Amino acid sequence: MNRLILAAIAASLPLQANAQHEEIMSRIDGRYDQTAEIALKLWEWAEVGYQEDKSTALLQTTLQDNGFRVRNGVAGIPTAFVAEYGRGGPVIAILAEYDALPGINQDAAPTRRPIPGKFASHACGHNLFGAGSVQAAIAVREWLEDTGTPGRVRLYGTPAEEGGSGKVYMVREGLFDDVDIALHWHADDENSAAARTSLANRSAKFRFSGVSAHAAGAPERARSALDGVEAFNIMVNMMREHVPQDSRIHYVITAGGNAPNVVPDFAEVFYYVRHPEPEGVEAIWARVEDAARGAALGTGTEVEWEVIHGNNPLLVNETLAKMMDDKLRFVGGVEYSEKERKFAERIHATFQNPDNALGSETDVQPYETSLGYGSTDVGDVSFAAPTVGVRTATWVPGTAAHSWQASAASGMSIGFKGAQQAAKALTLAAIELYSNEPLRAAAKAEFEEARGADYQYKSLLGDRKPPLDYRR
């Protein structure tokens, strides 16, 4: 074969790959209605952590109908599952979340409009996360079948990301031990595959017990559990000045009494502590526990606490992140219809000094490495297998997560379109990984170096069982 023929073949390979990618994306576009239907049902149900009964059933049924073998109730969690298709070859995992946030609620409307009687919503877009990941898994299954490529695609149904650390129990159970590469994505107000890590975190419910009495008639006989909580909070708030700059501490009082004239004998406060490193979380946590003991001693109460969840930070893999950035740029951003544009304009008008301008939903953000100040149980997965993620513009540019504006867009076509773009990027990334053994090897080498030769996995929630009632 002469040089001219070899050169012609080499030149045609990118064109063939691009044509294949376009065909795959066209197939995913053809299933938009399925993605939208799943995402909307999850949005309407808005089931919180470990209570996602209808949501997990829908995702499992969809996957079973598309040829996947499903194991449910894994890792001691009724709403967790693993669905797999294929034989032999590399194992590519795709993560799916589907839990909602309590305490916030919004209709799919461009103005503030809570839905009466509803006490949770998908203000973090996990309905889109679940629907988009399932769509990607189906598309990968079709490609494996069409091409006869050896390999397994495995969809992990991971409950209770919001403060329940569902993935941590799945990692702890060894469910990721044979995974070659893990893929995930998240709803956002922009399109990006930047290598962004996260904060490690731990949470606990601190429960103070005291003695009740009439607040006016016999206050000397009482010991207020609420005083214990408030003294504890004051001490932690003073501590904020004396922790590392990138730390985060937040709390909410979940029980504080029922009547002003009854000294409460029980009060509870729910705390989160975050830091870029697990060791930093543990160091701050020891001081928080000391503050709780001091508050109880000073108010004549007793205190105990229950660790609810804990996540390691995301371990960035730039080999995979740069590959994902390439796939996202091929897929592109989100294009609004005229109706969606008007919806977006009304949402955007509710923001003060938004980070992203309207119109940026069509762009892909520059590749960079950075520290993100959120936390996710994907972090623990990233220490079990090389992991990469992508974010797509499922929300109007400028939207913050955990806001009514995020919930609004997550329940309509702007969110559904973003989920479709994520499904495309995940699918193209998975196909690249099945086809490119040197890429997998390079990602694995970077992963092993980043973890270190003596790495041993340690979860930040200890050996506790899944807190299946933490949202009840």
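Yes or no, residue by residue, for (1) within 21 Å of S459 (Cα to Cα); (2) hydrophobic (A, V, I, L, M, F, W, C):
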residue: L144; (1), (2): no, yes
residue: G164; (1), (2): yes, no
residue: R172; (1), (2): yes, no
residue: A200; (1), (2): yes, yes
inquiry  = For the list (1) touching a residue at least 60 places away in the same chain (Cβ under 8 Å); (2) in a loop (DSSP other than H, G, I, E, B), I need the number of the one condition that D463 fails.
reply    = (1)
task = Look at region 185-201 and say how many of its residues are under 12 Å from A321 (Cβ atoms) and under 13 Å from the mean Cα position of the chain (by Cα).
result = 1
Residue list for region 204-221, filter: in contact with a Pro (Cβ under 9 Å, 6 or more places away or on another chain) and either surrounded by fewer than 21 Cβ atoms within 10 Å (Cβ to Cβ) or more than 30 Å from Y470 (Cα to Cα) (or both) = S212, A213, A215
request  = Go through the residues of region 62-72 one by one and say whether even a single one is at pLDDT 95 or above and closer than 22 Å to D188 by Cβ.
outcome  = no
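Could you count how many residues in region 335-358 are closer than 25 Å to R113 by Cα and either touching a strand residue (DSSP E or B) at 6+ places or on another chain (Cβ under 7 Å) or in a loop (DSSP other than H, G, I, E, B) (or both)?
Matching residues across region 335-358 total 12.
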request  = Name every residue in region 395-424 that is within 17 Å of the chain's Cα centre (by Cα) and not in a helix (DSSP H, G or I), in order of residue number.
outcome  = W395, T399, A400, A401, H402, S403
query = Which one of T376, T427, T362, T392 is at pLDDT 95 or above and more than 21 Å from the chain's Cα centre (by Cα)?
reply = T362
request  = Exactly one condition in (1) farther than 17 Å from G130 by Cβ; (2) in a loop (DSSP other than H, G, I, E, B) is not met by G379; state its number.
outcome  = (2)
remark   = Residue set V252, V243; condition surrounded by 14 or more Cβ atoms within 10 Å (Cβ to Cβ) and modelled with pLDDT of 95 or more; output residue V243
inquiry  = If I ask for residues that are part of a helix (DSSP H, G or I), among the acidic types (D, E) and surrounded by fewer than 17 Cβ atoms within 10 Å (Cβ to Cβ), which ones from region 302-334 would you list?
reply    = E318, D326
query = Only one of I92, I138, I77 is in contact with a Leu (Cβ under 6 Å, 6 or more places away or on another chain), among the β-branched types (V, I, T) and buried (at least 22 other Cβ atoms within 10 Å of the Cβ); which?
reply = I92
task = Identify all residues within region 401-460 that are among the β-branched types (V, I, T), farther than 30 Å from I115 by Cβ and buried (at least 24 other Cβ atoms within 10 Å of the Cβ); write none if there are none.
result = T427
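The values are calculated or read from the model by the stated rules, or taken from the named source; none is laboratory data. The structure displayed is predicted, hence computed values, not measured ones. Cβ atoms come from the backbone with ideal geometry, glycine included; neighbour counts cover every protein chain shown.
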